[in-house]
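In what follows, a structure is listed as structure tokens, so that the remarks can point back to it.
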Amino acid sequence: MSHREIRNVINGESVGAADGRTRDLIDPTTGQVWAQVAESGAEDVDRAYRAADAAFAGWRDTIPAERQKALLAIADLFEAHASELIELESNNTGKPLALTASEEVPPMIDQIRFFAGAARVLEGRAAGEYMAGFTSFIRREPVGVIGQVTPWNYPMMMAVWKYIPAIAAGNTVVLKPSDTTPASTVRMAELINEAELLPPGVFNVICGDRETGRALVKHDRPDMVSITGSVRAGIEVATEAAQNVKRVHLELGGKAPVVVFDDADIEAAAETLAVAGYFNAGQDCTAATRVLVAPGIHDEFVAALTEQARATQTTLADGPGGDALVPPVNNVHQLERVLGFIQRAPAHAQVMAGGHRQGDRGYFIEPTLIAGLKQNDELIQDEIFGPVITVQKFTDESEALRWANGVRYGLASSVWTKDFGRAMRMSRALDFGCVWINTHIPLVAEMPHGGFKQSGYGKDLSMYGFEDYTRIKHVMANLDS
């Protein structure tokens, strides 16, 4: 049986690995092989960086209007090829076609158009005289050649979050998608090259495994490395990048607290949090998976969440062509990891819904709700990255805040209350890069996404994320010369 062949995209050409190696890609809905992908090595990485290096001088010097024009054309191109990209994303991740089409592609296209516009408004401070006889001004310049690594939870969108702002700012890119989900990223690069929307070498995609990623980070050429991934991966990247002082941009996951006070709308909160916790099988670093509930509504809220969990449909019954909420987890290792968390639950934990693998094909896990947990439990402290929501009962606002902040992550959080003063106090004190009030998980291109503590540093989206791909130069002129 022949399978789709996925190759690297280097210097505007689709090419296999230099040594000819390939690896199977597995469809998570079936556990069966659906494609072969190039398994790149250090030689391929070096070739991609040489292409990006050669392209940088020309792309850096393009005016913002030209970069905007290219990015707007890319957005139009992806919109025209949306059905093809969605199908590849579904094959690669097991996500439902309908949800990918409605919930991922429109924001992705909007984000490309946002950065196209941002390319034309990036500027430094006004010139001024800060020393007699001298005028100073600021130049914002591209950083240079950027190495990027993207995850398997949102392969297509996370790639856009990386390479689009980098290219908009005048950088060139070598991007490695996750080893299990390269298909949609490669196809985006192929479409750009087929339409001749970017000069060869501006955007290169290298497929491979962890060793490929290490070669990408270790290489001397990149001026900056940006990764979305695990804390472990981020530490490795930062350690390696420190050897030659590369700039680093890290988004490393989260353990989002959801603090529900006793004046919250129970029905609305439970319904929203079930979607925000189980969407994409909980494989979202901002997922609403750690719920802290006030004692006065705890039992009622757990009952409401239990009902939501049991009613949440997975693609096991609906198939990838349907619109069920929960796909399989991405790969067999993640399946084993998530089930391991559930199986190691302490004796005081109560599994209110789910808790088991679903079916004998693919990597499905029942939407799971676990109550009765304590602050130091593994299920509370570690990122599960699966369709598992946990519940704790707090006594007062002070304890809720202490527990919410009492993890190593600091990416996202939410507060549910009708008390404006309490919402403002909590939003100020929560040690997370994003705080939602009476909602959870909406994102917009204009606002930054990024965390504190071991969730990393740097921002995606927004002008803040755009500026991360620039450097600041001070120019000082002697007025008497």
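The values are calculated or read from the model by the stated rules, or taken from the named source; none is laboratory data. This structure is a prediction, so every number in the text was calculated from the model and none was measured. Glycine gets a Cβ as well: all are built from the backbone with ideal geometry, and neighbour counts include every protein chain shown.
From the list A189, A270, the one residue that fits, being buried (at least 22 other Cβ atoms within 10 Å of the Cβ), of a type in the set (G, A, S) and without any contact (Cβ under 8 Å) to a residue 60 or more places away in the chain, is A270. Could you tell me whether segment 273-292 includes any residue that is in a helix (DSSP H, G or I), modelled with pLDDT of 95 or more and over 22 Å from S414 (Cα atoms)? Scanning segment 273-292 turns up no residue that is in a helix (DSSP H, G or I), modelled with pLDDT of 95 or more and over 22 Å from S414 (Cα atoms).
If you check G144, G124, G117 for being modelled with pLDDT under 95 and out of contact with any Gly (no Cβ under 7 Å at 6 or more places or on another chain), only one passes: G124.
Give me a count of the residues in segment 382-405 that are outside any loop (DSSP other than H, G, I, E, B), in contact (Cβ under 8 Å) with a residue 12 or more places away in the chain and loosely packed, with under 15 Cβ neighbours inside 10 Å. Number satisfying all stated conditions: 0.
Residues in segment 444-462 that are surrounded by fewer than 17 Cβ atoms within 10 Å (Cβ to Cβ) and either modelled with pLDDT under 95 or touching a helix residue (DSSP H, G or I) at 6+ places or on another chain (Cβ under 8 Å) (or both): E446, M447. Residues in segment 370-381 that are in a loop (DSSP other than H, G, I, E, B) and surrounded by fewer than 20 Cβ atoms within 10 Å (Cβ to Cβ): G372, K374, Q375, N376, D377. Filter segment 369-381 for residues that are aliphatic (A, V, I, L, M) and without any contact (Cβ under 8 Å) to a residue 60 or more places away in the chain; which is nearest to G354 (Cα to Cα)? Among those residues, the one meeting the criterion is I370.
Only one of the numbered conditions (1) closer than 29 Å to D179 by Cβ; (2) without any contact (Cβ under 8 Å) to a residue 12 or more places away in the chain is violated by T100, and that is (2). Selection of segment 103-125 for residues being among the β-branched types (V, I, T) and surrounded by 17 or more Cβ atoms within 10 Å (Cβ to Cβ) yields V105, I109, I112. Got at least one residue in segment 297-320 being buried (at least 21 other Cβ atoms within 10 Å of the Cβ), of a type in the set (A, V, I, L, M) and within 22 Å of the chain's Cα centre (by Cα)? Scanning segment 297-320 turns up no residue that is buried (at least 21 other Cβ atoms within 10 Å of the Cβ), of a type in the set (A, V, I, L, M) and within 22 Å of the chain's Cα centre (by Cα). Filtering segment 307-341 to residues that are under 23 Å from D382 (Cβ atoms), of a type outside the set (A, V, I, L, M) and assigned to a helix (DSSP H, G or I) leaves H333, Q334, E336, R337, G340, F341.
Listed by position, the helices (runs of 4 or more DSSP H) enclosed by segment 1-111 that each have at least 2 residues that are touching a Pro at 6+ places or on another chain (Cβ under 8 Å), closer than 30 Å to V143 by Cβ and modelled with pLDDT of 95 or more are 42-60. Beta carbons closer than 6 Å, at least 6 apart along the sequence or on distinct chains, never pair a first residue in segment 196-215 that is closer than 12 Å to W59 by Cβ with a second that is modelled with pLDDT under 95.
Tell me, which residue of segment 196-229 that is in a loop (DSSP other than H, G, I, E, B) and in contact with a Pro (Cβ under 8 Å, 6 or more places away or on another chain) is modelled with the lowest pLDDT? Looking at the filtered set, the residue picked out is G229.
For segment 460-474, does any single residue satisfy the condition of being among the acidic types (D, E), outside any loop (DSSP other than H, G, I, E, B), closer than 19 Å to L252 by Cα and under 20 Å from the mean Cα position of the chain (by Cα)? Yes, some residue in segment 460-474 is among the acidic types (D, E), outside any loop (DSSP other than H, G, I, E, B), closer than 19 Å to L252 by Cα and under 20 Å from the mean Cα position of the chain (by Cα). Note on segment 126-175: among residues that are crowded, with 24+ Cβ neighbours inside 10 Å, free of Cβ contacts under 8 Å to residues at least 60 places away in the same chain and in contact with a helix residue (DSSP H, G or I) (Cβ under 8 Å, 6 or more places away or on another chain), the one that is nearest to L461 (Cα to Cα) is V160. How many of the residues making up segment 418-449 are touching a residue at least 12 places away in the same chain (Cβ under 8 Å), at negative phi and part of a loop (DSSP other than H, G, I, E, B)? Adding up the residues that qualify gives 14.
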